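What follows is one structure encoded as structure tokens, with my remarks underneath.
Please treat every number below as a calculation from the coordinates, not as lab data. Because the structure is predicted, anything quoted here is derived from the model rather than measured. Virtual Cβ from ideal backbone geometry, glycine too; neighbours counted across all protein chains shown.
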Amino acid sequence: MERMREIISRVDHIHARVGSVQHAQANDPLIDAPKETQLMQTWWQMIWTEQIQQGKTITTLTPEYGPIPYAMSSDVDVWSLTNREMERQRKNYQQWIVQNQDSK
């Protein structure tokens, strides 16, 4: 975790894709990789906390998913997945902001 804290202090942009040891990305992060999804979310929230502590007023996150060979199968709708993850992260960030208003 100490190594993660060192990395997190240098992050300017989050390139958000949930994958696993077996796959570069999950076709449905909440179903195919729930543990990895929670771990990544924890890291992203740690990044947001660090950015607030550094006085940054803007944070960026790009959910990015692709077709095979990144996807687990060819039946993934990349556009829908990427947009769904964008909305999920937007909600996660808004909830995080409300929960951490005193950190500013």
In whole Hz, the Karplus estimates of ³J(HN,Hα) for region 79-85 (6.51, -1.76, 1.60; θ = phi - 60°; x where Gly or Pro) are 4, 5, 4, 4, 5, 5, 5
In whole Hz, the Karplus estimates of ³J(HN,Hα) for region 43-49 (6.51, -1.76, 1.60; θ = phi - 60°; x where Gly or Pro) are 5, 4, 5, 5, 5, 4, 4
Magnitude of the Cβ-charge dipole (Lys and Arg +1, Asp and Glu -1) of the chain about the Cα centre, nearest 20 debye, reported as 320
Karplus-derived 3J(HN,Hα) from phi for region 89-102 (6.51 cos²θ - 1.76 cosθ + 1.60, θ = phi - 60°), whole Hz, x at Gly and Pro, runs 6, 4, 5, 4, 5, 4, 5, 4, 4, 4, 6, 10, 4, 6
If unit charges are put on Cβ atoms (+1 for Lys and Arg, -1 for Asp and Glu) and the dipole of the chain is taken about its Cα centre, the option from Ser80, Ile8, Gln25 lying farthest towards the positive end turns out to be Ile8
Counting only residues 5 or more apart in sequence or on a different chain, those whose built amide H sits under 5 Å from that of Thr62 are Ile14, His15, Ala16
Taking the chain and counting helices only, DSSP H stretches of n ≥ 4 at -39,500 (n - 2.57) each over all residues, the nearest-500 ellipticity at 222 nm comes to -16000 deg cm²/dmol
Relative contact order of the chain (C-alpha contacts under 8 Å, at least 6 apart) in percent is 30
